[in-house]
Every structure is written in C-alpha cells, then in structure tokens.
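Okay, structure first, notes after.
Since every read-out is calculated from the coordinates, none of them should be taken as a lab result. Just so it is clear, the structure is predicted and the values come from calculations on it, not from any experiment. Methodologically, a virtual Cβ is constructed for each residue, glycine included, from the backbone with ideal geometry; neighbour enumeration extends over all protein chains shown.
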Amino acid sequence: MQIRALLQADAAHLATVLALPITEARFEVQLLLAHVMQVSRAWLIAYDDSELSAENMASYQLLFQRRLLAEPIAYIFGEKEFYGMCFTVTPDVLIPRPDTELLVESALARIPTDSPARILDLGTGSGAIAISIAQSRPLSHVIAVDKSAAALTVALANAVKLGVINVTFIASDWFLAIPTSEQFDVIVSNPPYIAEHDAHLQQLQHEPISALTAGITGLDDLQKIIKHAPQYLAQNGYLLLEHGYNQAAIVREYLAQAGYADIHSEQDLSNVARVSWGRKV
Ligand code: GLN
C-alpha cells in the first residue's frame, strides 16, 4: 500500500477512535511508520508515494492496533525522551512528561555545580528526574527511591544504559527505608497527585495507578512528603514538588504550616503553576 493513502486512512481512523485532533493522529501514524520502516518523518513526507512492503505493513498493523486500544506511544516504542536523554519505559512506570523538566530545572538551580551535594528523589519511577539531575551535577550524589521493585528495575537499567553512576536506587515507601541520620541538600518528588475519582484518569488507564492517584483529593502523598521532609533536609535545604494544575495554593499553604521559608510556585510550559518549593530553616 502507498504511504500517502495509508497515512490518510489511518490518521482519520485513529482521530475518531481516540478523539484526537487530526494533526496529532497524523503525527502519531507517521511516528509508527517511521519506527517500522526505520526512516525519519522527513523521509516519509518526501517519499509519500512509496509503497510499504508486506513485511513492514504487517509490523505496522500490529503497532497501529495497539495504539487504537489507547496504549501510549511511549509504551509501544518502550522509550521516551526526557531532558535530552532517551529513557526506557514499561507499564511499570509513569511515562515522563515534558512539564516535569521544570522540576528538574528548579532543582538544578538550587544544586551547586562546583561542590558535592546530596539529593533525594522520592517515587523515582523510570528514574527520569534522578538521572537527569545526577547527569547534570556529576559532583553530587542522588538517592532515588520507589516502593515498586519493578519500577526500580527500570530506573536502574536506565542509569546503566545512560552511563550515569552518581545515583543509587533504594526500595522505600517514601522516607520509610531512609535513616533519619541522612541529611539531604535537596529533596525532589513528582508524587501521585490526581484525585481518586478524577475523570482524567480514564485517559491514563495504561499507566500504573499507584503513580497517579493519592486519596480523594490527590493531596495525601504531597502532604505526607511535606510533613516528613524536614527531618531529612539539611538546614537551608530545599523541598521541591510537582503537583496538579489546581494544587499550587494548597501546597504552598502546607509548606507554610510545616514551617518552610522562601515558599514559591513556578509555571510550566502551559503557564500552569506546576512546581512548588520551600526551604528548611
Ligand atoms: N502529570 C500527570 C498527568 O496529569 C500526572 C503525574 C502525577 O500524578 N504525578 O498526566
């Protein structure tokens, strides 16, 4: 079949089934085709009168069926780009979002480049945040924890693949396995923060629910982390948190109640206050 005809038909089909804008559906079909044919999107556009071989057609059809069932492209390809690196992702981990790069940048702004610092990442998932920070601050050491052994396996494989050696992975339910004698200069977390009955969860059904929801309001884990972090922070150390689009004010209030100073929220790529932090005094 000719690429142009296939692209037209399948983009329309995908757009209808997943209720996607046609431009997005078209882009996704191009990604699937480019992956199967091992060519660039530019090649597909330039040579859209080429025919797909029977073998490539069969492989493409399998991937397209998976996408029609709403499986995210990142799981279909088994990888996702984050902070300039390619992370392996499986259904055991949340797919890293571009917005979370704001958390990495906000943390990096508080980590020295010329002296060692101790960093803790809570609920590391694929390891995207921990590995990005560790890679950008080679003198620092990052401890990354997750309660999911399956997630830690993915995170460790990512650190090995990306050649980042200043990060250690520990199985821990938030702070539980971390001795209180440990003092960190920066603690970061992108915890689950979606409310349990949020309609938005329907679109995220392929991702681990434990990485997404936290109680009726979605605030349970954010609250827990804010409360316990001071025991593990060095004086003047920072806690930085990603949270939901409508949670910045309440997160700042929790930080204030827990006695943090320099409380601030920062906007993400869509101008939503998405990351908040405070300094331990
Ligand atoms: N930002 C993600 C989403 O809404 C949720 C990630 C999280 O709960 N930490 O798709």
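What the table shows:
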| quantity | calculated |
| --- | --- |
| Whole-Hz ³J(HN,Hα) from phi, Karplus 6.51 cos²θ - 1.76 cosθ + 1.60, for segment 261-273, glycine and proline x | 10, 6, 6, 8, 10, 10, 8, 8, 4, 9, 6, 9, 5 |
| Per-residue HN-Hα couplings for segment 244-249 [Karplus 6.51, -1.76, 1.60; θ = phi - 60°; Hz; x = Gly/Pro] | x, 4, 10, 10, 4, 5 |
| Lys, Arg +1 and Asp, Glu -1 on Cβ, resulting dipole of segment 192-281 about Cα centre, debye, nearest 20 | 360 debye |
| Listed residues Pro96, Ser126, Ala107: farthest to the positive end of the dipole of segment 78-150 (Cβ charges) | Ala107 |
| Gyration tensor verdict on segment 37-84 (Cα atoms; rounded if a/c is under 1.5, prolate if a/b is larger than b/c, oblate otherwise) | oblate |
| Ranked by how many other beta carbons lie within 10 Å on average, peptides 126-135, 222-231 from highest | 126-135, 222-231 |
| Cβ-Cβ FRET estimate between Asn271 and Ala19, R0 fixed at 22 Å, reported to 0.05 | 0.35 |
| Average Cα contact separation per residue, the chain, under 8 Å, 6 or more apart, as relative contact order % | 13 percent |
| Folded to 0 to 90 degrees: helix 22-37 orientation relative to the chain principal axis, Cα | 80 degrees |
| Cβ-placed point charges (K, R +1; D, E -1), dipole of segment 126-281 about Cα centre in debye, nearest 20 | 340 debye |
| ³J(HN,Hα), Karplus 6.51/-1.76/1.60, whole Hz, each residue of segment 70-78, x for Gly, Pro | 6, 5, x, 3, 4, 6, 4, 7, x |
| Positive-pole candidate from Pro72, Ser50, Leu222, dipole of the chain, charges at beta carbon | Leu222 |
| Mean separation of Cα contacts under 8 Å, 6 or more apart, over the residue count of segment 58-135: relative contact order % | 25 percent |
| For segment 145-281: rounded, prolate or oblate by the Cα gyration tensor [a/c cutoff 1.5] | oblate |
| Cα centroid of segment 90-164 to Cα centroid of segment 26-42, whole Å | 29 Å |
| Distant-in-sequence amide H partners of Gly237 (H built 1.01 Å from N, under 5 Å) | Lys280 |
| Cα-based Rg of the chain normalised by 2.2 N^0.38 Å, two decimals | 1.11 |
| For segment 4-113: relative contact order, % (alpha-carbon pairs under 8 angstrom, 6 or more apart) | 16 percent |
| Simple Cβ-charge dipole of the chain, Lys/Arg +1 and Asp/Glu -1, about Cα centre, in debye nearest 20 | 460 debye |
| 222 nm mean residue ellipticity, helices alone, for the chain (DSSP H n ≥ 4; -39,500 (n - 2.57); rounded to 500) | -11500 deg cm²/dmol |
| The chain: angle of helix 54-68 to the longest principal axis, Cα-based, in degrees nearest 10 | 50 degrees |
| Cα gyration tensor shape of segment 131-187, rounded if a/c is under 1.5, else prolate or oblate by comparing a/b with b/c | oblate |
| Antiparallel bridges, percent of DSSP beta bridges restricted to the chain (to nearest 5) | 45 percent |
